[in-house]
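See below for the structure under consideration.
The values are calculated or read from the model by the stated rules, or taken from the named source; none is laboratory data. What you see is a predicted model, and the numbers here were worked out from it, not measured in a lab. Quick reminder, even Gly has a Cβ in these numbers, built from the backbone with ideal geometry, and neighbours come from all protein chains shown.
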Amino acid sequence: MVTTQLAPSTADDPLAYRPVALVDLLDRVLGTGVVITGDITLAIADIDLVRISLRALVASVGALVPPEVAS
């Protein structure tokens, strides 16, 4: 029986495991923005009664507003 490990082969692999501090992750999310989506369906006896579609944009104002041109 042959077993293989799922480990990145090189350090520049985009799927490689790299420890990230929570502050760095939050800085990246606020700097570039992220969209969170979800759907909720309330049903009784396989009859859909209510469907809610949610979308949220999380970003800093600086990432959304282009910088002003100095005149």
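Odds and ends about this structure:
- Pairing residues of the range 60-71 that are at pLDDT 70 or above with residues that are not hydrophobic (A, V, I, L, M, F, W, C), at Cβ distances under 9 Å and at least 6 apart in sequence or on separate chains, gives Ser60/Gly31; Ser60/Gly33; Gly62/Gly31.
- From the list Arg28, Arg18, the lone residue that is modelled with pLDDT under 75, charged (D, E, K, R) and out of contact with any strand residue (DSSP E or B) (no Cβ under 8 Å at 6 or more places or on another chain) is Arg18.
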